[in-house]
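Okay, structure first, notes after.
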Amino acid sequence: MTGLSPTLFWLMVAGYVTAASGLLMPTARLTRITGAIGAIAGGAAGLSLACATLWTGESLTLAAPGMIQAAGGLALHLDRLGAIFLAIISGVAIPVGLYGGAYSASYEGRYSTRWMALNVGAFLISMSLVTAAASAFTFVLCWELMALSSFFLVITEHEREESVSAALWYLAMTHAGLLALLAAFYLLGSGGADGSFAALRAGAAQLPPGTRHAIFLLALAGFGSKAGIVPLHVWLPRAHPAAPSHVSALMSAVMVKLGIYGLLRVGLDLLGGGPAWWGTVVILCGAVTALTGVLYALVEDDLKRLLAYSTIENIGLVLLGVGAGFLFRSLGQPEAATLAFAAALLHAVNHAAFKGALFLSAGSILHATGTRDMNRLGGLVTRAPWTAAVFLVSAMSIAALPPLNGFVSEWLLFQAFLSGVAHSQASIAGLLTIGVGALALTGGLAAATFVKAFGISCLAIPRSPEAEHAHESPRLMRAGMLLMAAYCPLLAVFTIPVLATIIGALAEVPGLPAVPAAFHAGLTLHTSNGVAAMSPVAIMAVLAGTLVIVWMFVRVIAGRPARIGDTWGCGRIGQTPRMEYTSSAFAEPLRRVFSQLYRPAADTAVGVARPESPYYIQSMAYRTQLHPWFQRAIYEPLIAAVERAAAWTRRLQSGSVNAYVGYIVLALVVLLIVVMGF
Amino acid sequence: MDVTGIVCEAAQAVLGLALAPGVVGLIRRVKARLQNRRGAPVWQPYAELRKLFGKDMVVSPNASWVFRAAPFVVFGSTLVVYLLVPAFITPLPLNAAADLFALVYLLLLGTFALALGGLDPGSAFGGMGSSREMTIAALSEPAIALAMLSLALGAGSTNLGEIAARTIANPLAALSAGHVFAFAALFIVMLAETGRLPVDNPATHLELTMIHEAMTLEYSGPCLALIEWASWLKLTVFFTLAANLFLPWGLATSLTPAGLAIAAVTTVAKLGVLAVAVAVIETRIAKLRLFRVPELLAVSFVLGLLAVTSSFSVR
Amino acid sequence: MRLFAKIRRVGLVTEPLPDAVPEAVAVVRDIDARARRVLGRAVGIRQVDAGSCNGCEIEISGLGGPTYDLERFGLHFVASPRHADLLLVTGPVTRNMEVPLRKTWEATPDPKLVVAVGDCALNCGVFAGSYAVAGPVASVIPVDVTVAGCPPDPNTILLGILTALGRLETRR
């Protein structure tokens, strides 16, 4: 096996480079083909590499000290923690490659698919290398490459103002995060260690506590902005919808997880954990993020933006688990800590599967109808049945409905919190109880959101001519979607091996023992204060059996064919799409309940027939808008301040050549004084 | 699970399905008597089911396979929940999968399916019912979770068999503040989730006041029978949970004829008491307008929080 | 608590149903045997107002109250015709209600019965010949039993419904 890892690694690199070489292909069709084949091959190799690392425990180490010598060269080391995330990246790359092979055809002629192919390849390879990076320099290099390639992908439709604005927001926020990361790494290395992770890890123990706290907070800010922590998330609902759908799938399913990976790498691995308040901060961030994400997803009418906010919600859930892990570790409950981290990682894996499928089916809907606005969709379940089926399965998974995979990871998160509550002091127990409440509320609101998303987009009557003439996607897109959706039930059935692998990976981190969990027919956790058991396979089997028995029973007793009759509308004549519920209407009760948080701006304009009397109303228009409050409260003042500062410095650009010559002379004089002084 | 286990679970399923219409019939009869009228006999719901299975179905042309599949999913998921609830014996053969959170989310699966079934025919009533139902389901989740957390704190596990066993072993714990608060929280959530007054009037004919019924307006014949039966079974599930998690005495711990007989009698008696209690409450209380329901659920959440705090300090 | 004291004080007020079938009830056509068999003891009634003056409606609404209590016979009112087994139609069918009445009848699953209540439903009553009236209920949908009266009292209506269900002997 020793020789296999480097081979697989180079195969993976070769695959992604092939995908990127679409840039050089003479025809657009060849670009698409090489892009698809490259992504699939690279993904398959990466997945095999990750599995090999996870199962055999062998780490891949590659060093190229000669490259970019001044910064210490490139160093790669793939351990089990990184392998989990490599598995996520590669697993998602395969269906996305299949899907993109057909989807990018819709961009031909208008935008450059060659450039898109290059960037997809670069994106995939930089994400894979981030998981294997073993020195600060390698990490930051690959991180920046990932950011740049995704920026170019977001701005693919550069003729749309929305895409350009989204890409600029993304660029600004990712580089702000990069600054925080650079500061964190600089502080990590301030103890005199060289850039390699091994040295940083050894040196971190000697750092003064103030520096450690600063590093953690900077890492939380930097990685958190990539993951989508509120309030650093503002780029996510803009960038993810603007990118092409298969890229959105990659960004939402995979890239945000790398933020989590970074936090775990720096906080858990390099720094080795910290005091209780680290965990508390992360839990609070996670709770706020989860609730904010789902509340804004609920009221969205744009399908892809709804999915982006839902990503924010799920990252919040993952952070709840990560925070609980940090907290339990610092409180001396190592088993609970392992359980919490395992739950968080399992949720990250599951989320990659169903969010990827959701974005691919949303892309298919966009391809079929040309619109993302749910108020213009409907009736797709008969016109694009495969798309609707994929959407339904992944919507059920994300709503945490048994027996699919979303339910398993939510259950584990609950169990992790529960095992911590029992053994803690009152304040910690209070925090964890609030966490449980937030988890439950998020789960319920997510279910409501996805009833809305699936019900309004796919069911009932089409609400616009575009939806009425919708068609199913081409075969390749269907194959990609179905493969991604197939991950959901598969991950549910094979929860136990996946969870065992994750726990094994966490055991590499010192201080995290393996949780005594018995895995046979079901999943039985023997936690320190009792037994908790759950079996997704048993529930699946019993549910399926019951459904079959009931269906046969009904067929036998009452198997008469049904008569077709108009939808009951109190005897009205005819039914138009205007009589159906709309997406905004569906979310209206919850919007009212949470109106203090949303603070919607409502405007009613009444047009009267005669100015002297307000009672003869001719027209009435009601407009309501939800402006996310972080934008008003945080970003708009910030942007205004930056613009003011820029306007002030603009005064230097007077336009007069004499002034500029004067500046040059002044600079020369200052330089001469400084040089002569030393 | 061996043959005995399968027989036990099948018997529990059959008994549950047989009891559920009777529970609802009793509630209706008591309400009728409290309205000074004779009312339908207690076995009226059985007659209704028999009639519905004999009727034809009329289906909207806009409805897809989701509409036709939804009643089966609702019925199947509620029946699976009943299979995991300690109704007569504890621990159940399927105890390995009988987790409180699994139960809650299986019920949510039923609600999800029914909400989609309400949206499919494209009528405004169905959409309204789905929207309101999901609102109430979402807002009652935190209350349920905290009530479960307090039960699990007391028993050290979220497994239903464990919770019942610990309460049987420690009778005084049933009167502790944590238990009482958790029972109150669960009772309010039950009224919300099963569509009883003051959240939803099960006997209303005004579509604008409907929540659960609005989603079923398009269903007819056997599909309607399945949905109605499933909602009655859901009520029975909640009653059984309220009775057998908080007052589990009478549950048979082994498969002896005497034990099973006692279990049957005590469970039926507990269901009867709860049915009468719900009927009395429904007579006394008026329906809340929809935007006051979150306040009621907030009260339930606070009760759950009090339950957790009490359970925590008592441990 | 005062409420429960009052309930106990008032007691059961439901009146027993009279034995004889008044002349007002007439069976128009043979009742379908399948309907009789399926709609044994549980019947959902959908009341349709096809342009009536609401006099019949007031009598019908009395049926749901404690005095006449139709629920003791297993009957109950339903909101959607999809849930209904029996349509209780009142009013001379006005032109505007002709199509909705027909649609309601089509939306009701088989087996179903129709009981036309009131003189207007039977033969347009005092509105016969009006420009706004399309015709009696029987001209729009098939009627099984008619209950004459302007308006008929609740007991008569109840006897008419039970006749339709074949739970009482009757004569043409």
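See the values below:
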| read-out | value |
| --- | --- |
| Yes/no for A:Ala28 being more than 25 Å from the chain's Cα centre (by Cα) and within 16 Å of A:Ala102 (Cα to Cα) | yes |
| Tabulated pairs, the range A:567-579, first facing chain C (nearest Cβ under 7 Å) and of a type outside the set (Asp, Glu), second surrounded by 15 or more Cβ atoms within 10 Å (Cβ to Cβ) and part of a loop (DSSP other than H, G, I, E, B), C-beta under 9 angstrom, 6+ apart or interchain | A:Trp568/B:Ser60; A:Trp568/B:Pro121; A:Trp568/B:Ser123; A:Trp568/B:Leu217; A:Trp568/B:Glu218; A:Trp568/C:Ser80 |
| One residue from A:Ala467, A:Ala388, A:Ala438 being more than 9 Å from chain B (Cβ to nearest Cβ) and small (Gly, Ala, Ser) | A:Ala467 |
| Unique match (being in a helix (DSSP H, G or I) and at pLDDT below 85) among A:Arg610, A:Arg632 | A:Arg632 |
| Single condition A:Ala446 does not satisfy, out of (1) buried (at least 24 other Cβ atoms within 10 Å of the Cβ); (2) within 12 Å of another protein chain (Cβ to nearest Cβ); (3) in contact with a Leu (Cβ under 8 Å, 6 or more places away or on another chain) | (3) |
| Checking A:Thr382 against (1) at pLDDT 95 or above; (2) out of contact with any helix residue (DSSP H, G or I) (no Cβ under 6 Å at 6 or more places or on another chain), the condition it does not meet | (1) |
| Any pair with Cβ under 6 angstrom, 6 or more apart, that starts in the range A:196-224 at a residue that is in a loop (DSSP other than H, G, I, E, B) and ends at one that is of a type in the set (Val, Ile, Thr) | none |
| Filtered residue count, the range B:76-89, keeping only those that are modelled with pLDDT under 90 and either part of a helix (DSSP H, G or I) or surrounded by 24 or more Cβ atoms within 10 Å (Cβ to Cβ) (or both) | 3 |
| Residue within the range A:457-464 that is touching a residue at least 60 places away in the same chain (Cβ under 8 Å), in a helix (DSSP H, G or I), more than 23 Å from the chain's Cα centre (by Cα) and within 9 Å of chain B (Cβ to nearest Cβ) present | yes |
| Residues located in the range A:646-665, provided they are surrounded by 10 or more Cβ atoms within 10 Å (Cβ to Cβ) and either under 30 Å from A:Met173 (Cβ atoms) or at pLDDT below 85 (or both) | A:Ser654 |
| Among the residues listed as A:Ala538, A:Ala544, the single one being more than 7 Å from every other protein chain (Cβ to nearest Cβ) and part of a helix (DSSP H, G or I) | A:Ala544 |
| Search result, residues across the range A:546-577 that are charged (D, E, K, R) and either at pLDDT below 85 or surrounded by 14 or more Cβ atoms within 10 Å (Cβ to Cβ) (or both) | A:Arg560, A:Arg563, A:Asp566, A:Arg572 |
| Some residue of the range B:93-115 being more than 10 Å from chain A (Cβ to nearest Cβ), farther than 15 Å from B:Leu233 by Cβ and either assigned to a loop (DSSP other than H, G, I, E, B) or in contact (Cβ under 8 Å) with a residue 24 or more places away in the chain (or both) | yes |
| Criterion violated by C:Gly160 - all others in (1) crowded, with 23+ Cβ neighbours inside 10 Å; (2) out of contact with any Cys (no Cβ under 9 Å at 6 or more places or on another chain); (3) under 30 Å from A:Ile564 (Cβ atoms) satisfied | (3) |
| Test: residue in the range C:78-91 that is of a type in the set (D, E, K, R) and within 14 Å of another protein chain (Cβ to nearest Cβ) | yes |
| Some residue of the range C:49-69 being within 13 Å of chain B (Cβ to nearest Cβ), in contact with a Leu (Cβ under 6 Å, 6 or more places away or on another chain), at pLDDT 90 or above and surrounded by 24 or more Cβ atoms within 10 Å (Cβ to Cβ) | no |
| Every pair of residues 6+ apart whose Cβ atoms lie under 7 Å, when the first sits in the range B:278-290 and is on the phi > 0 side of the Ramachandran plot while the second is outside any helix (DSSP H, G or I) | none |
| Selection within the range C:22-36 - surrounded by fewer than 18 Cβ atoms within 10 Å (Cβ to Cβ) and farther than 20 Å from C:Asn123 by Cβ | C:Asp30, C:Asp32, C:Ala33, C:Arg34, C:Arg36 |
| Qualifying position, being β-branched (Val, Ile, Thr), buried (at least 17 other Cβ atoms within 10 Å of the Cβ), closer than 21 Å to B:Ser157 by Cβ and touching a Gly at 6+ places or on another chain (Cβ under 9 Å), among A:Ile461, A:Ile503, A:Ile456, A:Ile496 | A:Ile496 |
| Residue match in the range A:595-603 (condition: hydroxyl-bearing (Ser, Thr, Tyr), modelled with pLDDT of 85 or more and farther than 30 Å from A:Thr292 by Cα) | no |
| Exclusive hit being closer than 30 Å to B:Phe53 by Cα, away from chain A (no Cβ under 13 Å) and assigned to a helix (DSSP H, G or I), set B:Leu260, B:Leu245, B:Leu241, B:Leu233 | B:Leu241 |
| Failed condition for B:Ser157, given (1) facing chain A (nearest Cβ under 7 Å); (2) without any contact (Cβ under 8 Å) to a residue 40 or more places away in the chain; (3) assigned to a helix (DSSP H, G or I) | (3) |
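For (1) within 11 Å of chain C (Cβ to nearest Cβ); (2) crowded, with 20+ Cβ neighbours inside 10 Å; (3) closer than 18 Å to C:Ile7 by Cα; (4) of a type in the set (Lys, Arg), each residue gets a yes or a no:
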site	(1), (2), (3), (4)
B:Leu15	no, no, no, no
B:Leu26	no, yes, no, no
B:Ala32	yes, yes, yes, no
B:Asn36	yes, yes, yes, no
B:Gly39	yes, yes, yes, no
B:Pro45	yes, yes, no, no
B:Glu48	yes, yes, no, no
B:Met57	yes, yes, no, no
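Rundown of residues vs (1) farther than 30 Å from A:Ala357 by Cα; (2) at pLDDT 90 or above, yes/no style:
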site: A:Pro6; (1), (2): yes, no
site: A:Met25; (1), (2): no, no
site: A:Thr53; (1), (2): no, no
site: A:Ser90; (1), (2): no, yes
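The values are calculated or read from the model by the stated rules, or taken from the named source; none is laboratory data. What you are looking at is a predicted structure, and each value in this text was computed from that prediction instead of being measured. We place every Cβ from the backbone using ideal geometry, glycine too, and count neighbours over all the protein chains shown.
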